[in-house]
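These notes are about the structure you will find just below.
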Amino acid sequence: MLNGSMVDYLVPMAAEMPDMDVAHVETLTRESAIGAKGAGEAGTAGAPAAIMNALNDALSPFRVEITEMPFTPERILRALGKA
């Protein structure tokens, strides 16, 4: 059966999860003044674009478009001519 629901699956509970040890590993680099490197932030780069596309899709019936961040209520209202 391909179209099961969440009722068909066992969802792991906290008691069923293994213990986790969290540790930090520091390896400095000479490429920057303070020895810092990236911290995995590249994985978050697509989220603002996806939000902007969703906002503009929702606003398209009103023939307005938002092209600047941050996405504030004031900016959205201004685009709609309501502020």
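The values are calculated or read from the model by the stated rules, or taken from the named source; none is laboratory data. Just so we're clear, the structure is a prediction, and the values are computed from it rather than from any experiment. Note that each Cβ is placed from the backbone with ideal geometry, even for glycine, and that neighbours are counted across all protein chains shown. Heads up: the accessible areas ignore ligands, DNA and RNA and are worked out on the full protein's heavy atoms, side chains in. Shrake-Rupley method; radii C 1.70, N 1.55, O 1.52, S 1.80 Å.
Report the equivalent ellipsoid semi-axes for the chain in whole Å, largest first, defined as the square roots of five times the eigenvalues of the gyration tensor built from alpha carbon atoms.
Numbers: eigenvalues 281, 189, 27 Å².
Whole-Å semi-axes of the equivalent ellipsoid: 37, 31, 12.
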Per residue of the chain, what 222 nm ellipticity follows from adding -39500 (n - 2.57) for every DSSP H run with n ≥ 4, rounded to the nearest 500?
-7500 deg cm²/dmol
Within the accessible area of the chain, what % is carbon and sulfur when the probe is 1.4 Å and the other protein chains stay in place?
60
Would you work out which of P12, G40, A54 lies farthest towards the positive end of the dipole of the chain? Charges go on Cβ: Lys and Arg +1, Asp and Glu -1.
A54
For the chain, the dipole about the Cα centre with charges only on Cβ (Lys and Arg +1, Asp and Glu -1), to the nearest 20 debye, works out at 600
Kindly write out, for segment 65-79 in residue order, the coupling ³J(HN,Hα) from the Karplus curve 6.51 cos²θ - 1.76 cosθ + 1.60 (θ = phi - 60°), rounded to whole Hz, with x marking Gly and Pro.
9, 9, 10, 10, 9, x, 8, 9, x, 4, 5, 5, 4, 5, 4
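In square angstrom, what is the accessible area per residue of segment 18-66 with a 1.4 angstrom probe?
Numbers: 4500 Å² over 49 residues.
I get 92 Å² per residue for this part.
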